[in-house]
Amino acid sequence: MSYTKITLRYAAAFFDLATEKGIVEKANEDMALLGTVCKSNHDFVSMLHNPVIHADKKNNVVTAIFGESVNKMSLSFMKLMVRKRREKYLPLIAEAFNDLFKISRGIKTAYVTSAIALAAGEKAGVLNILSKLTDKKIDLVEKTDDNLIGGFVINLDNFQIDQSLATKIKELKKDFEKNLFIKGF
């Protein structure tokens, strides 16, 4: 994910503070919760982006949603973002914080797209192969896409392994489009 300088700076500052206070795991859970709420509740994100709504009302909403379920420091950070008129960056700050946490723990994120959901054994095999290749722990994110017809596509960092039937069919079509027949022989 590409982040703006603002999101990276705030995420890094909060990450450093959480590390210093020894609550980085809890802060990561809190930022994951914030990210989940932002992804699942479009009205909440719209409220954060709305400049007409006063900061006090936004802080009341943030406190009502997260007050009982997050760490006091995480709640204070969210409220600070609202007071400083940076609340629209909260969803991306949550993602950037999660990425910083993964980097600090030596975890890489791999994305697997397949035509059908992977079975437990297949998932374990993919995790095993990728962890051996990278010498890191792997966080596997699965997606299904019917357009692949069969097979899978794995994305890890800047690398892609495409073993889907859809790609194989496209390659075959390209090969058949070449006219290998030469007149005169």
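The values are calculated or read from the model by the stated rules, or taken from the named source; none is laboratory data. Everything numeric here is computed off the predicted structure, so don't read it as measured data. Positions of Cβ are generated from backbone atoms using ideal geometry, with glycine treated the same way; all protein chains shown enter the neighbour counts. What goes into the accessible areas is simple: the full protein's heavy atoms, side chains included, and nothing from ligands, DNA or RNA. Shrake-Rupley method; radii C 1.70, N 1.55, O 1.52, S 1.80 Å.
Some points to look at:
- Computed magnitude of the charge dipole of the chain (debye, nearest 20; Cβ of K, R +1, Cβ of D, E -1): 540
- Accessible area of the range 1-140 belonging to carbon and sulfur atoms, whole % at 1.4 Å probe: 57
- q = 0.27 Å⁻¹: log10 I(q)/I(0) that the Debye formula gives for the range 143-182, counting C-alpha atoms only: -0.90
- Per-residue SASA entry for residue 153, accessible area with 1.4 Å probe, Å² rounded to 10: 10
- In the complete set of protein chains, residue-level accessible area for residue 46 is approximately 50 Å², probe 1.4 angstrom.
- Subset of 26/136; 88/132; 5/123; 26/57 violating a 28 Å alpha-carbon distance limit: 88/132; 5/123
- Solvent-accessible surface of the chain, averaged per residue with a 1.4 angstrom probe and all protein chains in place: 66 square angstrom.
- Aspartates and glutamates whose Cα lies under 17 Å from that of residue 168, excluding same-chain neighbours fewer than 8 positions away: 145, 146, 177
- Sequence-distant contacts, meaning Cα pairs under 8 Å at least 6 residues apart, place the relative contact order of the range 17-166 at 20 percent.
- Reachable lysines, given that their alpha-carbon falls under 21 Å from the alpha-carbon of residue 21 and they are not under 8 places away in the same chain: 72, 79, 102
- Above 31 Å, the calculated P(r) of the chain contains 38 percent of its Cα-Cα pairs.
- Normalised Debye scattering of the range 1-48 at q = 0.15 Å⁻¹ gives log10 I(q)/I(0) of -0.49, counting only Cα atoms as equal scatterers and leaving out solvent.
- Averaging over all projection directions, the Cα-based convex hull of the range 58-102 occupies 3.2 nm² in the image plane.
- Isotropically averaged projected area of the range 20-84, using the convex hull of Cα atoms (one quarter of hull area), nm²: 4.4
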